[in-house]
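Heads up, the thing below is written out as structure tokens.
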Amino acid sequence: MSVEAQQGIATPRIPAGLGGLLPALTLIGLFFVVPVLALLLRSVTDPSPGLQNYAALLGDGTYARVFFNTFLVAAVVTIVTVLVAFPVAWMLAIMPAALASILFGIIILSMWTNLLTRTYAWMVLLQRTGVINRALIGAGIIDQPLPLINNLTGVTIGMVYIMLPFMILPLVGTLRAIDPMTLRAAALCGASPLAAFRRILLPLSLPGIAAGGLMVFVMSLGYFVTPALLGGTSNMMLAEMIAQMIQSLLNWGLGSAAAFILLVVTMALYALQLRLVGSKRAAGGA
Amino acid sequence: MLLDYDRLGWLKVALLGFTTLVAAFLLLPVVFIVLLSFGSSRWLAFPPPGWTLKWYQELFADPSWIEAALTSARIATMTAILAVAIGLVASFALVRGQFRGREVLRGLLLTPMVLPVVVFAIAIYAFFLRLGLGGTTIGFVVAHTVLALPFAIIPIATALEGFDKSIEDAAIVCGASPLQAKLRITLPSIRIGIFSAAIFSFLASWDEVVVAIFMASPTLQTLPVKIWGSLRSDLTPVIAAASSLLVALTLALMIVTALLRRKLQT
């Protein structure tokens with residue numbers, strides 16, 4: 001037996017130590033932390049030192065509307081996603097395995113399909129002369145095509161589509177962890193299905209709903225692609241405004257200040273989510 | 001009885017009906033785009049007046065699409081290799097290391113997954129402009145590796161947490177060097193985690209749009225940038241053809257993953 005090996009047994013936990021973290025920390029430090037801090041610095045120095053960029057953003061009605069819209073869209077998307085995801089997760093948690101694996105397959109296929117592909121499909125489906133409007137007119141439900149794209153409706157449909165898997169999958173875990181006996185007991189004691197749902201199933205799944213909902217809300221707040229393609233100019237969201245300020249207007253000061261506001265809000269909500277579920281599960285769920 | 005599938009009664013019918021609708025909603029765009037790509041109408045009329053392969057011909061006749069796909073494949077492959085290598089050594093330290101602030105460091109390494117991509121995109125764009133790395137392959141790979149790292153660390157660290165370290169210690173007792181024990185015992189045992197890490201970090205780069213839009217130059221475009229540009233100008237069915245190929249690729253990846261998992265687990 002080698003000397004090395006004996007040492008290995010004497011101290012079974014040789015610290016793999018900080019050494020293994022060196023490459024990762026270098027990468028993240030140099031190409032993530034430094035650039036983001038430089039951006040923050042730019043928001044208070046460009047074009048001249050001071051807080052005028054923040055004053056401009058927070059004091060102007062146009063920007064206030066963008067902030068309001070961002071929160072509105074994120075809130076609507078979160079509520080719709082939770083309402084749609086809950087029954088699906090419920091069924092997934094209890095349905096026979098064969099059926100569940102088909103449904104999981106569909107969810108994963110939609111989740112792994114290229115983001116732009118999915119958004120492109122919704123652009124074509126929802127346009128004025130698109131399939132959905134034609135079908136509705138053909139069925140005699142409406143006579144004029146509905147405005148389904150370049151507005152809140154379009155963004156909501158496109159975003160809910162993207163967010164659903166992120167809500168359904170963790171929620172299945174929460175629901176599977178609930179002991180069916182508690183609900184059988186409720187039924188035996190004479191609780192109606194509605195009462196059992198309201199007083200047992202819903203409260204027990206609330207932590208999962210809160211954690212998933214918060215994650216969907218945070219992801220929606222900073223979303224760029226789908227709102228940019230399915231939303232209208234009148235309900236622009238923060239991420240798109242930031243991209244425009246930098247790319248088209250070359251206004252780095254204002255753009256980085258807006259980015260910093262988005263960063264602070266996101267990180268605050270993320271911290272809240274961590275407190276709700278504990279760090280490992282939050283990261284694993286995303 | 002709400003969690004007993006067979007005793008739900010009328011509620012089961014309602015819930016299953018709703019679930020079927022949601023499944024249809026999830027499938028709709030994917031199926032629709034594939035059908036559309038074979039439709040003969042340039043104006044995307046649906047159902048199409050006839051069926052054709054001409055959008056695929058147009059796609060393959062245009063070297064800029066091929067070029068973009070190859071660029072994406074190259075950048076995503078390099079990203080996946082880097083992210084898995086860096087993520088692997090980092091995971092060992094995170095799971096087994098005994099030092100203070102471990103949770104904080106873990107959190108830091110996972111932050112790129114949480115921060116809105118647009119914030120990172122403009123930050124790294126400004127940074128790389130200064131370093132002269134804007135619009136370069138290296139710039140793309142570095143930026144994408146930052147974004148992919150969490151997707152490499154999470155599955156590897158999870159697999160490592162589930163691995164019983166005493167097996168590795170047993171190998172050492174039997175005379176293997178610590179490195180040998182890691183290479184021949186531990187790594188093969190956590191291969192599912194490593195494999196998932198490779199797939200996820202490849203996809204994190206392959207599908208990445210926002211950083212790519214800022215980083216791209218006229219001579220260096222990834223596939224998502226090419227699609228983004230086409231989407232903003234017109235909704236040509238050629239995009240549907242390209243998209244369908246991406247759907248096919250996704251399906252292939254899903255099948256390979258499922259098969260490999262089954263094989264590796266037995």
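The numbers here are math on the coordinates, done by the rules we state, and not lab data. Just so it is clear, the model here is predicted, and its values are computed rather than measured. All Cβ positions, even for glycine, are placed from backbone atoms using ideal geometry, and neighbour counts span all protein chains on display.
Going residue by residue through region B:173-180, is there one that turns out to be part of a helix (DSSP H, G or I), more than 7 Å from chain A (Cβ to nearest Cβ) and surrounded by 14 or more Cβ atoms within 10 Å (Cβ to Cβ)? Outline the logic, then answer.
So in region B:173-180, the residues part of a helix (DSSP H, G or I) come out as B:173, B:178-180.
Subsequent filtering for residues that are more than 7 Å from chain A (Cβ to nearest Cβ) retains B:179-180.
So of that shortlist, the ones also surrounded by 14 or more Cβ atoms within 10 Å (Cβ to Cβ) come out as none.
No, region B:173-180 contains no residue that is part of a helix (DSSP H, G or I), more than 7 Å from chain A (Cβ to nearest Cβ) and surrounded by 14 or more Cβ atoms within 10 Å (Cβ to Cβ).
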Pairs only if they're at least six apart or on different chains, beta carbon under 8 angstrom, first in region B:162-189 and on the phi > 0 side of the Ramachandran plot, second assigned to a loop (DSSP other than H, G, I, E, B); list them, first residue then second. B:G175/A:M1; B:G175/A:S2
Filtering region B:126-146 down to residues that are crowded, with 21+ Cβ neighbours inside 10 Å and not β-branched (V, I, T), which residue is nearest to the chain's Cα centre (by Cα)? B:H144
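Does A:F67 qualify as being more than 27 Å from B:L44 (Cβ to Cβ), more than 8 Å from chain B (Cβ to nearest Cβ) and not in a loop (DSSP other than H, G, I, E, B)?
On the way: more than 27 Å from B:L44 (Cβ to Cβ): yes; more than 8 Å from chain B (Cβ to nearest Cβ): yes; not in a loop (DSSP other than H, G, I, E, B): yes.
Yes: the conditions hold for A:F67.
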Looking at region B:56-63, is at least one residue in a helix (DSSP H, G or I), closer than 23 Å to B:L245 by Cβ, at the interface with chain A (Cβ under 9 Å from one of its Cβ atoms) and touching a residue at least 40 places away in the same chain (Cβ under 8 Å)? no
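B:V22: farther than 22 Å from B:H144 by Cα, out of contact with any Pro (no Cβ under 7 Å at 6 or more places or on another chain) and in contact (Cβ under 8 Å) with a residue 40 or more places away in the chain, yes or no?
Numbers: farther than 22 Å from B:H144 by Cα: yes; out of contact with any Pro (no Cβ under 7 Å at 6 or more places or on another chain): yes; in contact (Cβ under 8 Å) with a residue 40 or more places away in the chain: no.
Here the answer is no, as B:V22 does not meet what is asked.
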Please verify whether region B:234-241 includes one or more residues that are within 29 Å of A:G232 (Cα to Cα), without any contact (Cβ under 8 Å) to a residue 24 or more places away in the chain and within 12 Å of chain A (Cβ to nearest Cβ). yes
In region B:74-116, which residue that is more than 7 Å from every other protein chain (Cβ to nearest Cβ) and of a type in the set (V, I, T) is nearest to A:A24 (Cα to Cα)? B:V84
Being buried (at least 18 other Cβ atoms within 10 Å of the Cβ) and β-branched (V, I, T) narrows it down to one of B:T111, B:T77, so name that one. B:T111
Candidate set: region A:241-271, residues that are facing chain B (nearest Cβ under 8 Å) and free of Cβ contacts under 8 Å to residues at least 24 places away in the same chain; chosen: the one nearest to A:L51 (Cα to Cα): A:G255
Can you tell me which condition B:L149 does not meet? The list is (1) of a type in the set (A, V, I, L, M); (2) under 19 Å from the mean Cα position of the chain (by Cα); (3) within 18 Å of B:L70 (Cα to Cα), and all the others hold. (3)
Scan region B:32-55 for residues that are free of Cβ contacts under 8 Å to residues at least 24 places away in the same chain and at the interface with chain A (Cβ under 9 Å from one of its Cβ atoms) and jot them down. B:F32, B:W43, B:A45, B:F46, B:P47
